[in-house]
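Bear in mind that the values in this text are calculations on the coordinates, not laboratory data. As the structure is a prediction and not an experimental result, all values here were calculated from the model. Glycine also receives a Cβ, built like all others from the backbone with ideal geometry; neighbour counts cover every protein chain displayed.
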Amino acid sequence: MVSERLQHLAQSSSLDTPRLRLRQFAEADFSDYAALCADGEVMRYVGDRGALSREDAWRQLAMLVGHWMLRGYGMWAVEERCSSALVGRVGFHFPEGWPEPELGWALARPYWGRGYAFEAASAALRFAFETLGWPRVVSLIAPLNRRSIRLAVRLGERFERNLVLRSHELCLYAIERGNWQAARLSPQAAVT
Ligand SMILES: CC(C)(COP(=O)(O)OP(=O)(O)OC[C@H]1O[C@@H](n2cnc3c(N)ncnc32)[C@H](O)[C@@H]1OP(=O)(O)O)[C@@H](O)C(=O)NCCC(=O)NCCS
């Protein structure tokens, strides 16, 4: 459980990266978020799998916003700074039944292949270690989700074990704060 002060800090947080702004979701994001959730290719390995109706996308968005209220951290809306377009969501997910707080990501397809997920997830990792003070961060990824695995590895996460969650087989990738700090100090640092 985070302290009240830290919870307030986290909830009011927005993070800027060179090309992106990670900020809280607002009702005005709903149509773009529903479009992302309606894309079966984006949702192939996400959550309970598969495209969501607008009704289910609304409920999911409400869950993401509520997660911040209950945990003090959660998923940010990722906005492209040059256009203000909603790119996707990146951040933390720790619902009841999860093994550990997870760093997760999902971007709308037009924004794949630009390094945006890496840029946003790097900022989120830094927030986890430096602001929230977490000792480690995990990502839970379907074994066939190659893009996501590439991203996790590029962030410095390492495969630890397989697990089954809500009937889905997943791979748990993890990074410890010490390894993250060491990678940042190395001249060949992969983590920005
Ligand atoms: C997983 C996901 C976020 C990865 O997105 P991504 O854009 O491939 O990830 P990155 O930000 O690491 O970008 C890497 C790609 O951008 C390219 N790139 C272009 N400009 C770049 C830059 N300035 N910096 C870094 N990479 C750049 C890289 O070469 C690489 O291209 P490649 O895919 O052809 O190898 C995205 O595929 C997605 O949203 N998938 C659906 C949702 C999902 O499965 N979520 C995970 C559930 S566990």
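A few comments on the model shown:
- Between A28 and R44, the distance separating the two model label sites (each 7 Å from Cα on the Cα→Cβ line) works out to 3.4 nm.
- Euclidean distance of C-alpha centroids, the stretch 13-83 and the stretch 145-164, integer Å: 21
- Loop-resident sites, the stretch 35-112, for GluC sites (Glu not before Pro), counting at most 13 other Cβ within 10 Å (DSSP): E41, E96
- Spacing of the modelled spin labels on F94 and V164, each 7 Å from Cα toward Cβ, amounts to 2.7 nm.
- Placing a pseudo-label 7 Å from each Cα along the Cα-to-Cβ vector at E80 and A182 gives an inter-label distance of 3.8 nm.
- Prolate/oblate/rounded call for the chain, Cα gyration tensor, a/c under 1.5 rounded: rounded
- Neighbours of T17 by Cβ distance under 13 Å: Lys/Arg scored +1, Asp/Glu scored -1, total +2.
- The stretch 71-83 - phi-based ³J(HN,Hα) in whole Hz, Karplus 6.51/-1.76/1.60, Gly and Pro as x: 9, x, 8, x, 8, 8, 6, 9, 10, 7, 5, 6, 10
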